[in-house]
1. Look at the range 56-72 and say how many of its residues are outside any helix (DSSP H, G or I) and over 18 Å from Asp91 (Cβ atoms).
2. Is one or more of the residues making up the range 10-21 open to solvent by 70 Å² or more (accessible area, probe 1.4 Å), of a type in the set (D, E, K, R) and at pLDDT 95 or above?
3. Can Ala143 be described as in contact with a helix residue (DSSP H, G or I) (Cβ under 9 Å, 6 or more places away or on another chain), assigned to a helix (DSSP H, G or I), modelled with pLDDT of 95 or more and surrounded by fewer than 23 Cβ atoms within 10 Å (Cβ to Cβ)?
4. Scan the range 115-136 and tell me whether some residue there is farther than 22 Å from Ser168 by Cβ, open to solvent by 40 Å² or more (accessible area, probe 1.4 Å) and of a type outside the set (Asp, Glu).
5. Confirm whether Asp132 is in contact with a Leu (Cβ under 7 Å, 6 or more places away or on another chain) and of a type in the set (D, E, K, R).
6. Residue under question is Val152, and the condition is that it be open to solvent by less than 10 Å² (accessible area, probe 1.4 Å), in contact (Cβ under 8 Å) with a residue 60 or more places away in the chain, out of contact with any Lys or Arg (no Cβ under 7 Å at 6 or more places or on another chain) and part of a strand (DSSP E or B); does it hold?
7. Return the pair list, or none, for Cβ contacts closer than 9 Å from residues in the range 112-126 that are more than 11 Å from Leu191 (Cα to Cα) and of a type in the set (Asp, Glu) to residues that are part of a loop (DSSP other than H, G, I, E, B) and open to solvent by 60 Å² or more (accessible area, probe 1.4 Å), at least 6 apart or on different chains.
8. Which is in contact with a Gly (Cβ under 9 Å, 6 or more places away or on another chain) and small (Gly, Ala, Ser), of Ser170, Ser206?
Amino acid sequence: MSPKERNPRFQRRDNLDRGRPQGSGGRHGARERDPDGPAILYGWHTVTAALANPARRIRKLWLTENAARKLADENIDTRVTPEMVRPGDIDRRLGPDAVHQGMLAEADPLDSPRIDTLPEDGIVLVLDQITDPHNVGAIMRSAAAFAVKAIVTTARHSPEATGVLAKSASGALELVPLVLVTNLARALTELEDRGFLTVGLDSEGSADLAAVELRQPLALVLGAEGKGLRQLTRETCSVVARLDMPGAIKSLNVSNAAALALYIGASRLGLMR
């Protein structure tokens, strides 16, 4: 029995372009800066995590027959009436390289909490103009694995929480609050005023992170690959530390550096239990 027969809410749509989300375009559904525009979510983990998040409003959902059958088999509530499409329809919408697994959703962006609402324990991550959506998505995935309380980044010079970033985050976008600020140095000062130890990560740091005396609440600050931390960001941090490694290569991709820093921080703070 097909998903359509099992669930009369399923509708057939032969051309996804007729339901094409407005304000979207470019490869993998990336869109221009539009705070009121939709978030484009695709792939199994990304879409099912959004469906499970009551704070996420789903506007539209496109499914292939296979994806719809899998959702039905696992008793996952689609929350809206899905539109049935062919895989090629989603390919044309996102581009041939997007691994969508027959699922594409258009949703409202999640609200950005304020710094003064963050809990004063555990770890938060602060991203200083990291613009690659793959890296930010991978960082969010690590953040979810280490129960990070929030990720703080600038509203400008950062990728939007949609498309490639959401896919790379593999569902973590629904689990880790994303705090958008206009001035990162001011945000760091506000965190320090609330008791956070702010530790910037830089290859020229004065001490190895593993040797720094850490405490909760902790804010780990990462800069963009190549540029690293901006000067004002570095000067605002309470401590600037480095990640020492024994091998011939002394630097890591920023998402790998984030995962290593989170492991060190969580271990030192007793958060791994």
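The values are calculated or read from the model by the stated rules, or taken from the named source; none is laboratory data. Note that this is a predicted model, so its numbers are computed, not measured. Methodologically, a virtual Cβ is constructed for each residue, glycine included, from the backbone with ideal geometry; neighbour enumeration extends over all protein chains shown. Ligands, DNA and RNA are stripped out before the accessible areas are found, and what is left, the full protein with its side chains, is counted by its heavy atoms. Shrake-Rupley method; radii C 1.70, N 1.55, O 1.52, S 1.80 Å.
1. Matching residues across the range 56-72 total 4.
2. The answer is no; no qualifying residue exists.
3. Against the criterion (in contact with a helix residue (DSSP H, G or I) (Cβ under 9 Å, 6 or more places away or on another chain), assigned to a helix (DSSP H, G or I), modelled with pLDDT of 95 or more and surrounded by fewer than 23 Cβ atoms within 10 Å (Cβ to Cβ)), Ala143 does not qualify.
4. For the range 115-136, residues farther than 22 Å from Ser168 by Cβ, open to solvent by 40 Å² or more (accessible area, probe 1.4 Å) and of a type outside the set (Asp, Glu): present.
5. In short, no.
6. For Val152, the condition - open to solvent by less than 10 Å² (accessible area, probe 1.4 Å), in contact (Cβ under 8 Å) with a residue 60 or more places away in the chain, out of contact with any Lys or Arg (no Cβ under 7 Å at 6 or more places or on another chain) and part of a strand (DSSP E or B) - is met.
7. Correct list of pairs: Asp121/Lys149; Asp121/Gln216.
8. Of Ser170, Ser206, the one residue that is in contact with a Gly (Cβ under 9 Å, 6 or more places away or on another chain) and small (Gly, Ala, Ser) is Ser170.
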